C-alpha cells in the first residue's frame with residue numbers, strides 16, 4: 001500500500017482513539033506528525049470524510065465495488081482505475097480514496113500489499 005494511504009489509515013485509527021478517550025498530548029503529537037506527511041488538499045478531503053463519519057480509504061474489490069460504501073462502479077470507471085496504475089482515485093459514490101491491490105500481491109506481515117498509489 002502507498003505510504004500516503006497508510007498514513008491516512010493510521011490517522012483514522014488515531015482520530016478514532018482520540019475521540020474515545022481524553023486527548024493526551026502524546027496522541028495529539030502522533031496525529032500532528034502524521035498530518036504533516038500528507039499534502040494539504042488530501043487532508044482537506046480526508047477531514048471532510050472523517051467529519052461526516054465516513055471511512056477515508058477503501059479498496060476497489062475484484063467485482064468493481066468500493067469496499068467502503070459497497071456500491072459498484074461502472075465498468076468504464078473500474079477499467080480506468082485498474083489500467084492507470086500509480087494514480088489515486090476517489091469513489092464516485094462515497095468519495096473515499098480508492099486503491100487497487102495487485103492481483104499477485106501477497107499480504108506482507110506488516111499488512112502492506114506492495115501496491116503503490118500516488119494521489120494528485
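The values are calculated or read from the model by the stated rules, or taken from the named source; none is laboratory data. Predicted model, so just to flag it, every value in this text is computed and none were measured. Cβ sites come from the backbone with ideal geometry, for glycine too, and all protein chains shown count toward neighbours.
Check region 50-61 and report whether any residue there is assigned to a helix (DSSP H, G or I), under 16 Å from the mean Cα position of the chain (by Cα) and modelled with pLDDT of 85 or more.
Yes, region 50-61 contains at least one residue that is assigned to a helix (DSSP H, G or I), under 16 Å from the mean Cα position of the chain (by Cα) and modelled with pLDDT of 85 or more.
Name every residue in region 36-57 that is free of Cβ contacts under 8 Å to residues at least 24 places away in the same chain and farther than 23 Å from residue 101 by Cα, in order of residue number.
Selection gives 36, 40, 41, 44, 47, 51, 52, 53.
Pull out all pairs, ordered by first then second residue, where Cβ-Cβ is under 9 Å, the residues are six or more apart or on different chains, the first lies in region 71-92 and is touching a residue at least 12 places away in the same chain (Cβ under 8 Å) and at positive phi, and the second is exposed (fewer than 13 other Cβ atoms within 10 Å of the Cβ) and outside any helix (DSSP H, G or I).
86/118
Provide a single number: the residues in region 80-105 that are farther than 15 Å from residue 5 by Cα and at pLDDT 90 or above.
Matching residues across region 80-105 total 3.
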